[in-house]
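Participant: If you scroll down you'll find the structure; I have some questions about it.
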Amino acid sequence: GNSVTQMEGPVTLSEEAFLTINCTYTATGYPSLFWYVQYPGEGLQLLLKATKADDKGSNKGFEATYRKETTSFHLEKGSVQVSDSAVYFCALAPLSGGSYIPTFGRGTSLIVHP
Amino acid sequence: DTGVSQDPRHKITKRGQNVTFRCDPISEHNRLYWYRQTLGQGPEFLTYFQNEAQLEKSRLLSDRFSAERPKGSFSTLEIQRTEQGDSAMYLCASSAGQGSNTGELFFGEGSRLTVL
């Protein structure tokens, strides 16, 4: 079956530090890949996505590249802000094969200190 | 359209009682999903609908759980004879149908259930 593995948190950084959150996946076929973010007290919202190999998704200074050869979709940001403190979820969504069920990782909490 | 809405946002109940949650998806979306999220975990799939048809159910969904989407619009998730282990956040999400779908989900803010 499909699965997503992401690094455990919490990840604690100082403001303006570089961020990497690792995500690897197992899937049949070629799914779309996503990062969702959940700010305190809010619902999950899409941060960025990539729909095919070598695509780079980007939004709000965050980036992730769909690497088919390493089955990875690592999230990066060059300079984090306090307002980036949230829980980040890596996810995949199959687009074929008859089962359209997105699968999520367990989430990585990011804490950014001033 | 203001997005996916869920009701109630919070529900506290006693063990053994029945509870029902409602989800109103984005109007033009024909897929609707229910997930459960517990503290420190990612969303776990429960069930999903395409229009009014319930296409898949997780093995997590015991026979005390039932979901409906009678007219292909809003959906309800009912839990009968609640147990303390049912305490969780119940998330609803919707997505566009095949052909225009990249797999992106649009989530509501969730319904938090506490079973005493």
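Participant: Considering just Cα atoms, how many Å³ per residue does the convex hull of chain A enclose? Let's see the in-between values first.
Facilitator: Details: hull volume 10.4 nm³, N = 114.
Convex hull of Cα atoms, per residue: 91 Å³.
Participant: Residues with beta-carbon under 14 Å from that of B:THR114, excluding B:THR114: net charge, scoring Lys, Arg +1 and Asp, Glu -1?
Facilitator: +4
Participant: What's the magnitude of the charge dipole for the protein assembly as shown around its Cα centre, counting Lys and Arg as +1 and Asp and Glu as -1 at the beta-carbon? Answer in Debye, nearest 20. Walk me through the numbers before you get to the answer.
Facilitator: On the way: 22 positive and 24 negative charges, 120 e Å.
Using Cβ point charges on Lys, Arg, Asp and Glu, the protein assembly as shown gives about 580 debye.
Participant: Ignoring the sites themselves, what is the longest stretch of chain A with no trypsin sites (Lys or Arg not before Pro) in a DSSP loop and at most 16 other beta-carbon atoms within 10 Å?
Facilitator: Of all site-free stretches, the longest is A:1-51.
Participant: Taking only the C-alpha atoms, wrap a convex hull around region B:1-91 and report its volume per residue in Å³ as a whole number.
Facilitator: 98 Å³
Participant: Hey, got a sec? Which GluC sites (Glu not before Pro) in region B:1-62 land in a DSSP loop and have at most 15 other Cβ atoms within 10 Å?
Facilitator: Hits after loop and neighbour filter: B:GLU28, B:GLU52.
Participant: Roughly how many Å is it from the Cα centre of region B:1-46 to that of region A:1-29, as a whole number?
Facilitator: 25 Å
Participant: Can you give me the relative contact order of chain A as a percent, contacts being Cα pairs under 8 Å and 6 or more apart?
Facilitator: Rounded, it is 36 percent for chain A.
Participant: In peptide A:38-46, how many Cβ atoms from other protein chains are near each Cβ within 10 Å, on average?
Facilitator: Working: counts 5, 0, 0, 1, 3, 12, 12, 4, 5.
Averaged over the peptide's residues, the number is 5.
Participant: How large is the dipole of region A:32-114 about the Cα centre if only Lys and Arg carry +1 and Asp and Glu carry -1, each at its Cβ, rounded to the nearest 20 debye? Don't skip to the end; give the middle numbers.
Facilitator: Values: 8 positive and 7 negative charges, 23 e Å.
I would put it at about 120 debye.
Participant: Mind giving me the nanometre distance, one decimal, between the label points for B:LYS71 and A:LYS60, set 7 Å out from Cα along Cα→Cβ?
Facilitator: Distance between the two pseudo-spin positions: 3.6 nm.
Participant: I'd like the antiparallel share, as a percent to the nearest 5, of DSSP beta bridges with both residues in the protein assembly as shown.
Facilitator: Of those bridges, close to 90 percent are antiparallel.
Participant: Quick check of the Kirkwood formula: for the protein assembly as shown, what is the inverse mean of 1/r over all pairs of different Cα atoms, in Å? Kindly include the intermediate steps, with their values, before the conclusion.
Facilitator: Working: mean 1/r = 0.0551 Å⁻¹.
The Cα-based Kirkwood calculation yields 18.2 Å.
Values in this text are rule-based calculations from the coordinates and carry no lab data. None of these values were measured; they are calculated from a predicted model. All Cβ positions, glycine included, derive from the backbone under ideal geometry; neighbour counts span all protein chains shown.
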